[in-house]
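In what follows, a single structure is set out as structure tokens and then discussed.
The values are calculated or read from the model by the stated rules, or taken from the named source; none is laboratory data. These figures come from a predicted structure and were not determined experimentally. Cβ: placed from backbone, ideal geometry, glycine included. Neighbour counts: every protein chain shown. SASA here: full protein model, heavy atoms, side chains in, ligands and nucleic acids out. Shrake-Rupley method; radii C 1.70, N 1.55, O 1.52, S 1.80 Å.
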Amino acid sequence: MSGFKSLFKQTFIYGLATVMPRMLSFLLVPLYTSEAVLANPAEYGKVSVIFSYFVLFNVILAYGMETAFFRFFNKEDNKSAVIGTSTISIIVTSFAFFCIALFYQYQIANYINIDVKYIGLVIWILLLDALVIIPFAWLRANQKPTRYAIIKILNVSINIGLNLFFLLALKALAQQGGLFEMLYIADFEVSYIFIANLVASAFTLVIMISFYLNIEYIFDIKLWKRMIRYAIPILIAGIAFSINETFDRILLKELLPQNIADSEIGMYSACYKLALFMTLFATAYRLGIEPYFFSHAKTKNPQKNYANILEFFVAFGSVILLTVVVFADLLKPLIIRSEAYWEAMWIVPIILLANLCLGIYHNLSVWYKITDRTRFGAYISVIGAIVTLAINFMFIEAYSYKASAVATLIAYAVMMILSYYFGRRYYPIPYNLKKIGLYLSISIGLSALSFYRFRENYVVGIAMLIVFLGVIMMLEKNRLKLVLKR
């Protein structure tokens, strides 16, 4: 149980580092969807498409080096060589990308049909974000979650503060003349969003600069080749994951008629945000368990702990699924301020369940990371990406964003099943499938009834939630008591 204590402590702090910034950034959704800023879903759709490219290129610029850093930092005796080699690698590739992208920014803008003034800002943000990949990984590997959390929260606080300043306060201040009048540009809201992001990223790099001043710049070419061999499948898996996660916005823009594409993307992206609660939980859990998986791989019978971890994850995740579904219509006016976006609420249970499947997949993926079979992660993610692309291409024209939501769910479910299948063969873990299946089936069944049959009937919805919580408490009470006691 000492391992669980360590896991829960780190998951709590990493959860704080993830939940607090994202909950703060959650404030941006009602800001962007308000009548005063981006009342038209089409404008929010443009922002969403650009952020979709962010996800893809963040993965490319990291190229699996973060996960490789964890693996080799825990595996190699010469940790300075691991730190120096990975840092130099990221620096060289990041600046190479920056120079090439900046030189071809007009061609890129024309190719993806995005205004070049946004492209320049995006390139700078991608560079700054890439340069803090290894410093953040170093904090996690050295179990410094508090500092990690503080820096993450500062980054988002600055981002939100500048968004509020640029989008709400600046126009009024500009009427008084002076410096504020010089800063204000009419109809510049989308650019202001990315300028705020740029300043926050620059501030984060400045805070992390001490990492670069205190490391040994050792580049071990043999070590680098081993790290790259380990990282490349992670890169492929990451690209495939970005396709599953955000490429649907890009496909919606390409496959829907131009007169409705941005509006459909805006509605879809706004309602997608209601799945944030599941995303926050799954992300915090992943940040906590990834170092835990590697550090406990050589302990006695780690498989038993891994199995228990998944049971806890599914139990908590199933409660989040049902809770958000029951109260979705109470949450929507708080988060999505304009009714123009609410048409896409149909996707909320689908996306919540999809993210739960993704979280289960991340828990199951321990087997290929521990056994250095990361190529299986790439294979599984590529299959998921193929499923996503196939369903979107076949059904977007007929069903719009509904096809995208269903594609996301099916892709993550397939990945989850494949990871379990191959894991059972190469690194058997004694998962309690009966209990996991029970939690999932009850949660999914009650969620479907609540949303599609008893929607906004909170007496029935709350009763369902109480019954489900009772089932979990009955089955987990002894283990919960033991964990809390320790």
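Ordered from highest to lowest accessible area with the whole protein assembly present and a 1.4 Å probe, 29, 414 read as 414, 29. Between residue 432 and residue 144, residue separation times 0.36 nm minus the direct Cα-Cα distance comes to 100.4 nm.
Peptides 403-410, 367-374 ranked from most to least packed, by the mean per-residue count of other Cβ atoms within 10 Å: 403-410, 367-374. Taking 7 Å steps out from each Cα toward its Cβ at residue 115 and residue 165 produces label points 2.2 nm apart. Considering the zone a paramagnetic label at residue 303 would reach in this model (a point 7 Å from Cα along the Cα-to-Cβ line), which residues of region 370-398 have amide N under 18 Å from it? Within reach of a label on residue 303, which here means backbone N under 18 Å from a point 7 Å along Cα→Cβ, region 370-398 contributes 370-373.
Protein heavy-atom surface of the chain, 1.4 angstrom probe: 65% of the accessible area is carbon and sulfur, with nucleic acids and ligands not counted.
What spacing in nm lies between the two simple spin-label points modelled at residue 95 and residue 107, each 7 Å away from Cα in the Cβ direction? So the two model labels end up 2.3 nm from each other. Think of a 1.4 Å ball rolled over the protein heavy atoms: the chain then has 44 Å² of accessible area per residue. For region 404-423, the residues whose amide N sits under 13 Å from a probe point set 7 Å from the Cα of residue 371 along the beta carbon direction are 419-423.
In sequence order, region 204-209 has phi-based couplings of 4, 4, 4, 4, 8, 5 Hz under the Karplus curve 6.51 cos²θ - 1.76 cosθ + 1.60, θ = phi - 60°, and Gly or Pro positions carry x. The ellipsoid that matches the Cα gyration tensor of the chain has semi-axes, each √(5λ) in whole angstrom, of 34, 31, 22, with the longest given first. Spin-label model, residue 473/residue 339: points 7 Å from Cα along the beta carbon direction are separated by 3.9 nm. Shape index of region 378-486: Rg/Rh, with Rg the Cα radius of gyration and Rh the Kirkwood radius from the inverse mean 1/r over Cα pairs, equals 1.08.
Applying 1/(1 + (r/R0)^6) with r as the Cβ-Cβ distance of residue 60 and residue 459 and R0 = 35 angstrom yields a FRET efficiency of 0.10. Measuring nothing but alpha carbons in region 318-464 and taking Rh as the Kirkwood radius, the Rg to Rh ratio lands at 1.03.
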